[in-house]
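K.L.:
Dropping a structure here in structure tokens format, bear with me for questions.
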Amino acid sequence: MESALPDIKIDTTPAQRPGVVLFALAMGSFAIGTTEFATMSLLPYFSKDLHIDPATAGHVISAYALGVVVGAPAIAVLAARLSRKFLLIMLMLVFGVANGLSALAPDYHTMLFFRFLSGLPHGAYFGVASLVGASIVPVERRASAVARIMLGLTIATVIGVPAANWMGQVIGWRAGFSLVAALSGLTMLLVWMFAPKQPRDLDAHPMRELGALKRGQVWLTLGIGAIGFGGMFAVYTYVASTLLNVTHVTAGFVPVVLCLFGLGMTLGTLVCGWAADKAQMPSIGLCLLWSAFWLAVYPFAAHNVWAISIVVFMIGCGGGLGIMLQTRLMDVSGDAQTMAAALNHSAFNTANALGPLLAGMVIARGAAFNETGFVGVLLALGGFAIWLVALWDNRRRLRLS
């Protein structure tokens, strides 16, 4: 299908136009970030329309995350020999169609299925986009390049999510998913126009990609993300509900706080990208401890609008963890780069499924929405414990080599 497209000549050498390429890739992360985080902010609205309680509505978010967990490794293996540019376009096509169908979902179970379908391309897109971005810059700037791609996701939390939340209040929650479908179409166009035409890897093979699963450091890095990131999602999923039911703000103030989270995540992405290029493993540990601290403060700050606004911003700063884990996987995966890069987002969305699930269980047992912060602390510290094991194992391997 790619050969049917017009042959646009693009200079793909690392010194030429990397900013334009990274912008095109970042637009896809903007679309993905909008749907991933906006679904959480729209939870109070679609739960009411679909006649389900907020705890059950959290399963819709978990269904999307499950789609990512399943889709990332499956697509990485099955599409190992495809052109990366062609694969990125096809992934956005599926993503856009699935989000358009989500906007039309008539009931809870249909919504679950469409959200699962929407999640399938997520991890593979980020994984392949990260590899493309890292390939067009010097090796010592890989993490910064990946961070610039991920800025699309963080800017989505500043612009896309508040906009979708506002649309959910004024037009209806379905408009938010329609917006994502349109953004997907724009991404396809930009990737077609500007992404480099890198040759297919004819040596790629499903078994080679599966070789990433034989590496202990790959599993430990994925474990850090799957558990440690769950803390942020345990809280963020119910931020809107906390603001409305515990802080008692007006509905119009909710997008403001969501925007603060996005600003924190944007700052954290930039700082963590820089830190990962300087001192990768220490930065990962510090980021996990940062998140644990602010998640512990969250339950106590929730009763004051100014305090919770500051804390939500600080929690958002911890979102830069994903950048460091992405480049860590590039370092420990050997020649199974596509699989490892995609699996990072399986881990990320395992956290996206685990955090809301555990938080929802706590809420269902009678806990207040702000008490999800305690769930978040335990998950962040769990990720830190896995980081300690990874650090020990890495030093042991260095001594033996």
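The values are calculated or read from the model by the stated rules, or taken from the named source; none is laboratory data. Nothing here was measured: the structure is a model prediction, and the numbers come from that model. Cβ coordinates were reconstructed from backbone atoms using ideal geometry, including for glycine residues, and neighbour counts include every protein chain displayed. Surface areas here come from the heavy atoms of the whole protein model, side chains and all, with no ligands, DNA or RNA. Shrake-Rupley method; radii C 1.70, N 1.55, O 1.52, S 1.80 Å.
K.L.:
Checking the structure you have, find out if any residue of the stretch 268-282 is among the β-branched types (Val, Ile, Thr) and within 22 Å of PHE369 (Cα to Cα). Show your work before the answer.
P.N.:
So in the stretch 268-282, the residues among the β-branched types (Val, Ile, Thr) come out as 269, 271.
Subsequent filtering for residues that are within 22 Å of PHE369 (Cα to Cα) retains none.
No: the stretch 268-282 contains no residue that is among the β-branched types (Val, Ile, Thr) and within 22 Å of PHE369 (Cα to Cα).
K.L.:
Could you go through the stretch 290-305 and let me know if any residue there is closer than 28 Å to ARG141 by Cα, assigned to a helix (DSSP H, G or I), open to solvent by 10 Å² or more (accessible area, probe 1.4 Å) and touching a helix residue (DSSP H, G or I) at 6+ places or on another chain (Cβ under 8 Å). Can you show your working first?
P.N.:
Filtering the stretch 290-305 for residues closer than 28 Å to ARG141 by Cα gives 290-291.
Narrowing further to those that are assigned to a helix (DSSP H, G or I): 290-291.
Filter again for open to solvent by 10 Å² or more (accessible area, probe 1.4 Å), leaving 290-291.
Right, trim to touching a helix residue (DSSP H, G or I) at 6+ places or on another chain (Cβ under 8 Å) and you get 290-291.
Yes, the conditions are met somewhere in the stretch 290-305.
K.L.:
Which of the residues belonging to the stretch 244-283 are buried (at least 22 other Cβ atoms within 10 Å of the Cβ), farther than 21 Å from ALA164 by Cβ and either without any contact (Cβ under 8 Å) to a residue 12 or more places away in the chain or of a type in the set (A, V, I, L, M) (or both)?
P.N.:
Across the stretch 244-283, the qualifying residue is only ALA276.
K.L.:
From the set of residues in the stretch 328-363 that are among the aliphatic types (A, V, I, L, M) and modelled with pLDDT of 90 or more, which is most open to solvent (accessible area, probe 1.4 Å)?
P.N.:
Of the stretch 328-363, the ones among the aliphatic types (A, V, I, L, M) are 329-330, 332, 336, 339-343, 347, 351, 353-354, 357-359, 361-363.
Add one more test, that the residue is modelled with pLDDT of 90 or more, and what stays is 358-359, 361-363.
Details: LEU358: 58, ALA359: 0, MET361: 101, VAL362: 51, ILE363: 28 Å².
So, considering only residues that are among the aliphatic types (A, V, I, L, M) and modelled with pLDDT of 90 or more, the one most open to solvent (accessible area, probe 1.4 Å) is MET361.
K.L.:
Starting from the stretch 353-372, keep only residues that are part of a helix (DSSP H, G or I), then list their pairs with residues that are surrounded by fewer than 22 Cβ atoms within 10 Å (Cβ to Cβ) and charged (D, E, K, R) whose Cβ atoms are within a distance under 9 Å, requiring at least 6 positions of separation or different chains.
P.N.:
ALA359/GLU371; VAL362/GLU371; ILE363/GLU371; ALA364/ASP53
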